[in-house]
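J.: Quick one: this structure, given as structure tokens, is what I'll be asking you about.
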Amino acid sequence: MIEVKNLSKHYGDKKAVDNISFKADDGEILGFLGPNGAGKSTTMNILTGYISATSGKALINGIDILENPIKAKRELGYLPELPPLYMDMTVKEYLNFVYDLKKCKLPRNSHLKDICGLVKIDHVYKRVIKNLSKGYKQRVGLAQALIGNPKVLILDEPTVGLDPKQIIEIRTLIKKLGKNRTVILSSHILSEVQAVCDKIVVINEGKVVADDTEDNLSRRLVNEHLLTARIDGPSDTVEGIIKGIKGVVKVEVGNEREKGVYEYRIEAKEGTDIRRELFNRLAQRNMPILDLRTSELSLEDIFLKLTMGEAIPALTADASDS
Amino acid sequence: MGAIFRREVSSYFISPIGYIFLAGFYCCTGVIFSQNSLQYGSTKLDRVFADLILVLIVLIPILTMKTISEEKKQKTDQCLLTSPVSLGGIVAGKFFASFLIYTLGVAITFVYAVVVSAYAKPDWNVIVGNIAGLLLLGAAYIAVGIFCSSLTENQIVAAVISFFAMVLLYLLSTVGNLIPIDAVGKVLDKLCFWNRYYDFTLGLFDMSNVLFFVSAAVAFLFLTVRVLEKRRWS
Ligand SMILES: Nc1ncnc2c1ncn2[C@@H]1O[C@H](COP(=O)(O)OP(=O)(O)OP(=O)(O)O)[C@@H](O)[C@H]1O
Ligand SMILES: [Mg+2]
């Protein structure tokens, strides 16, 4: 369990973290979402006792990290933003070092072997860390955090630098680990957090802007009234048809994406779903819809939406960062 | 602490620093030994030991420059500081590792004593006292070096600061003579590393000098812990 109460961290005048509170229970995976410079890493560094908060409290399984650091750190596994690797050691030497450092009591060889299997670094076990690729360094960093089977895992952007296949594997692994542990992971990718986490805390400029379960948050963030469509047909005719649908507020015609196929950005009244009607009408006129999606929100849109209750439409949906 | 100690010792031999230190130490002491003792056919090693302080001032900064600065730079301190080890344990682990390498260097002086004993019977009590003095002086200087390493992220800067700090501690009584205030001069005289060490080279085994070096080492290690602690709050 992790509990954060009114945590603040000031660097001079700059408030990197500004009075944030949240809680994650056992068996829960909490996603920490925010843009660059939001204060995610700073919060995690405070939680793990690397830096001290200016004010406020952080409890790891009920133990205050400031008052009883050694005991609290025993419960922790931490993967910082940059994996803290000694470049001159081999993976084997490094993991054994961390094993000793954490005063781990589990049977050494089988435990390390299990972990290497989980993050798939068996075949680089004897290699010098300096010579590993970025993705493998990240995996060794993750392995290091798992040593000693800590009850609380804090992972700062764990999938950065991994290939797509590995990203999926690591997400699955995190989900599995989260069943009987508390996991906090940070990310600036909404879809990643949605895929893995039970609970999402969104922060921006050091402040919590949303703290909710994934379902509720997604519901608040869906916007089926904002659509991007690619439709085969002359653009002015199509525009006319769309405008004729009840509830449509605005239609913008975008670029010609393929020959005779234009992209349209459609805004309907909030709460109305025009997708079925759109399909029917265009089907009658034999103008096929080649692509239709609700506009994905970029992180900036989310913050605007969460803080101002409104999304700012962006014409090209593929500009989202997921 | 044990884990950090073992890692540090092995890192001295993965990187060239351990070898550079030992080779430098053996080479300098060898030259000093042959100049002072062998050429004059003297069995007295006091001159050798007296000159060794200059070797330490040059070589110990190399031994200690990386200890803390490099951890900060490579962010590996995040691994150490978030594991269940106290700051004191971390600093102590590093200190003892450097001290072990240093001891391997000092061991050569015993060989010189044996060489000398082939010609005539040396005064073993004096020699043991000399070696003990050298170890104590080294311990204090290593602590100074580790402290300086905690002040910066750049190991070269750390080495340069350590060098000047060590020179200053060596010359404290000279500095004291330049200061017209009598009391200050006396205090600096007492704190001067050279004055304290010089007694050892003469074969005087004074308990207060032993305590002085031990407390100097402890004091600088404590300051290092304070620097690390303060950094968390900044
Ligand atoms: N040591 C420091 N001194 C001064 N300011 C700092 C320091 N560390 C972080 N900051 C500031 O605190 C803010 C939060 O930084 P933090 O690293 O926590 O962001 P983040 O959410 O992890 O961003 P990213 O997604 O880029 O990793 C930033 O504006 C940063 O400039
Ligand atoms: Mg970060």
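Quick note: the coordinates plus some simple rules give every number you see, no bench work behind them. For clarity, every value in this text was computed on a predicted model and none was experimentally measured. As a convention, Cβ positions derive from the backbone with ideal geometry for all residues, glycine included, and neighbour counts pool all protein chains shown.
J.: Based on the alpha carbons, how large is the Rg to Rh ratio for the protein assembly as shown when Rh follows Kirkwood?
T.: Looking at the protein assembly as shown, the ratio lands at 1.17.
J.: Then there's this: Tell me, what are the semi-axes, in whole angstrom and largest first, of the equivalent ellipsoid of chain B as set by the roots of 5 times the Cα gyration tensor eigenvalues?
T.: Over the Cα atoms of chain B, the ellipsoid semi-axes are 31, 22, 15 Å.
J.: Set the bar at 22 Å for Cα to Cα. Now go through A:K71/A:K102; A:K23/B:K72; A:K14/A:K57; A:K120/A:K165; A:K15/B:K230 and name every pair that lies beyond it.
T.: Violating the 22 Å Cα-Cα cut-off are A:K23/B:K72.
J.: Now, a different point. Return the Cα extents of the range B:183-228 along principal axes one, two and three, sorted largest first, each rounded to a whole Å.
T.: Sorted from largest, the Cα extents of the range B:183-228 read 39, 25, 14 Å.
J.: Can I ask one more? Take A:H10, A:H225 and order them by how many other Cβ atoms sit within 10 Å, fewest up front.
T.: Fewest to most other Cβ atoms nearby, the residues stand as A:H10, A:H225.
J.: Convex hull volume of the Cα atoms in the range A:224-294, per residue, in Å³?
T.: Looking at the range A:224-294, the number lands at 69 Å³ per residue.
J.: Just checking the output field for A:69-80: average partner chain Cβ neighbours within 10 Å of each residue's Cβ?
T.: 3
J.: Hey, another quick one. Return the Rg/Rh ratio of the range B:42-160 with Cα-based radii and a Kirkwood Rh.
T.: Rounded to two decimals, Rg over Rh is 1.11.
J.: Pull up all non-local amide H partners of A:R127: gap of 5 or more, or a different chain, and H-to-H distance under 5 Å with H placed in the peptide plane.
T.: Counting only residues 5 or more places away or on other chains, the set is A:V91, A:K92.
J.: Ranking request for peptides B:102-110, A:63-71, A:285-293: highest mean number of other beta-carbon atoms within 10 Å first, then the rest in descending order.
T.: The densest-packed peptide leads the list: B:102-110, A:63-71, A:285-293.
J.: Here is a further query. Using the Kirkwood radius built from alpha carbon pairs, what does the Stokes-Einstein equation give as D for the range A:2-220 at 37 °C and 0.692 mPa s, in µm² per second?
T.: 186 µm²/s
J.: Helix-only mean residue ellipticity at 222 nm, the protein assembly as shown, DSSP H runs n ≥ 4 weighted -39,500 (n - 2.57), per residue, nearest 500. What is it?
T.: -17000 deg cm²/dmol
J.: Under the rule of at least 5 residues apart or a separate chain, name every residue whose amide H is placed under 5 Å from the amide H of A:I203.
T.: For A:I203, whose amide H was placed from the backbone, the distant partners under 5 Å are A:L33, A:G34, A:V209.
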